[in-house]
Each structure stands twice: as structure tokens, then as C-alpha cells.
1. Amide H neighbours of V297 under 5 Å, counting only residues 5+ apart in sequence or on other chains, H built in-plane at 1.01 Å?
2. If we count every other residue with Cβ under 15 angstrom of N106's Cβ, Lys/Arg +1 and Asp/Glu -1, where does the sum land?
3. Could you work out [θ]222 nm for the chain from helices alone, using -39500 (n - 2.57) per DSSP H run of at least four and dividing by all its residues? Round to the nearest 500 deg cm²/dmol.
4. Most mobile of N187, N229, N244 per a Gaussian network model of the chain (Cα springs, under 10 Å)?
5. Please list, ordered by chain and number, the residues whose modelled amide H lies under 5 Å from the amide H of L142; skip anything fewer than 5 residues away on the same chain.
6. Two decimals is fine: what's Rg over Rh for the stretch 83-332, C-alpha atoms, Kirkwood radius as Rh?
7. Give the lysines reachable from K50 as a straight Cα distance under 28 Å; neighbours fewer than 8 places away on the same chain don't count.
8. As a footprinting exposure proxy, order V166, V4 by other Cβ within 10 Å, with the fewest listed first.
Amino acid sequence: MIVVMKPGVTQAQIDHMVAQVESLGMKAHVIVGTERTVIAAVGSKRDGTKESLESGPGVAEVVPISAPYKVASREVKPETTVVTAGQLRIGSAQIAVIAGPCSVENEQQILSTARGVKAAGATGLRGGAFKPRTSPYSFQGLKEEGLKMLAAARDETGLAVVTEVVSPEDVDMVAKYADILQIGARNMQNYRLLEAVGGSDRAVLLKRGASATIDELLLAAEYVLDRGNPHVALCERGIRTFENHTRFTLPLATVPYLHQKTHLPVVIDPSHGTGHAYLVADMCAAAIAAGADGLMVEVHPDPPHALSDGAQSLNFDQFAAMMARCVKVAAAVDRRL
Ligand code: PEP
Ligand code: MN
């Protein structure tokens, strides 16, 4: 249920209602919006709960949340959440561009990529140090050494670092180096991992599982939010269908659909979404036109020799050309890069 507080409500009234929600056996999430403060009361409710909350001090109304996800729902918070990490903003008029290699391979590779993507206008640097590979024989990532290289690249360029964490035990270590913790498609329903990043003070980029429905994605986000971490961005990275011309099928209707259902910002990953470098720029342009709040794009100094995902990675010139094109599309929809 949403306990909508009256304008000008006092902190004491909010505290009182939080205690009342908790005394009724529910969890209280206070969401302070620009126009109103609401308390999302989640958990099983007893008979008479609505009436009892309605009579509380400072309460304007109590309304049920109809969606299965609660704190993520747009009903609870009408304005879009802006996820912030350093100079990176996801959910504002400026579209976030997170670019970099699939995997961190060595210091030179990540530093030159950071410089290259920054020069072309990226605000975030991606790079996997813990790689969840389909085959155990594929490159698994440089682990903590790779994280140190990412942090060094951030120190030089100021780009916010986005990198994947694959197990709950590693969350504190990855959070030491990363600005945004990426949860990969394969781990979208790893609930212990979601709870662990929910307890972190780092922002989270949650990728959609290749076979997950949008409700499942939102319920996965709910795990993170419910643990008290409100800094969550969602990422559509393509789903598995019968189509095999692209690596996955990238459904861009996800963007406006999610914008209707949730206040969490939406990022599109056209690299994994298509699997082909030659499709990436077109899908970036389309994603911006559809209202995406951010792009996550794989960029490599020498894609043919990348240790992972070379076929879908742009080189620096291709990335710069993609950015120049996207600047124009963004302007057409009142956004900027
Ligand atoms: C990645 O971003 O490199 C990655 C592994 O993506 P996904 O989890 O979407 O497959
Ligand atoms: Mn990849």
C-alpha cells in the first residue's frame, strides 16, 4: 500500500507512520519526491490495515499498489529516479553513455579505451574483470587486477567505472573499485547476489536475463530496492527468441513500457542485444528515439583481437561516428549526450 502524506508533512509525522506500518508487520520505504512524500508499506497486510493507516497524522490517503513490484513501481514515485555515480547521470536530460571493452585485458587496453571513449563524449567506462562466460574454457577475466586497472583509468579520465560482480562474497571488493555494480543477465535471478548489492552503497545496473519477462526484471530490481539501495538502473540487453540473425533480439518497446511501469531509469545495450558491431549505431539511435536514459556499448582498440565479444565491439572511429549521430537524434527528442 502507498501511504501518501499531505504537503508540508513533518518528519515526526513521517517517523510516526513508519513505526505504525512496522507495528502492523510490514516494511516501510520512505520515498521523498519533489511533490509529495509517500511511504510504501510492503508485506502481507491484515484486515483493517488501510483504515488504521488512513487515520494517522499527516496522512492524505492510503492506496493499494496494484503492480507485483512495489518500491520499483511508478505508482509509488511518479518522477524518474536519477542514478548518479561521479559525473555519470542515468535518468536525467543527459543520456548516459557507458562504453568500454567487454573484458579488461591489460592496462594499456583499458587506459587507451578510456581515453578514446572519453574524447568521443562517453561519461562511463565499462569493462568486465569477473566474466560470467558460457564456456569454462573461455577467458574468465583478470579479477582484482582488472579492477585495479579500471580504477586507474577512472583516476586519469574521471569516467565512472561500471563493472560486473558475479558472487555475493565479491560485492565489497568490487565496490572498492567500481562506481556502479553491474549484475549480468545470467545473474538477474541470483537472489542472494541481488540482496548483497542491495546492502551496498554503490549504484546498481541490473541487466535483464535473456529469458526473463519484464515483471521478473522488475521483481529482481525489487530485491535490491527492498534491501535499502535505491540507486538502481535497468538494462535491456536483448532476449532469446527463435530469430538467429542477431545474437539476441533487442526489444526497444521495453524502454517506453518500463517508463510507464517504473521510475527506475532504462539503459540499452545494443552490443549484446545484436551481437554485430555493424548494427550497434543504428540501435543506439533508435534507443535514444525511444527514450532510453543511457547506452552501454562495447568498444575495443582492436576488436578483431579482443579476448571476448570482438564481433560486437566498435573501434574508436566507429564509436566516435556513433556518438556524432546520436547527438543529433538526442537533440531531436530534447535530450543531450
Ligand atoms: C557484459 O556486459 O559483458 C555481459 C556479460 O553482458 P550480459 O550479462 O548482458 O550478457
Ligand atoms: Mn560482452
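Bear in mind these aren't lab numbers, they're just calculated from the coordinates by the rules spelled out. Since we're looking at a predicted model, the values are computed, not measured. Counting neighbours? That spans all protein chains shown, and the Cβs are built from the backbone with ideal geometry, glycine included.
1. I98, A99, G100
2. Details: positive: R115, K131, K143, K148; negative: E105, E107, E144, E145, D302.
Computed value for this residue: -1.
3. Working: 11 runs with 117 residues, N = 337.
Result for the chain, helices only: -10500 deg cm²/dmol.
4. Of N187, N229, N244, the most mobile in the Gaussian network model is N244.
5. Long-range HN contacts for L142: V104.
6. Working: Rg = 16.1 Å, Rh = 17.5 Å.
Taking Rg over the Kirkwood Rh, I get 0.92.
7. Correct list for K50: K6, K27, K70, K77, K261.
8. Values: V166 22, V4 16.
The most exposed by this proxy come first: V4, V166.
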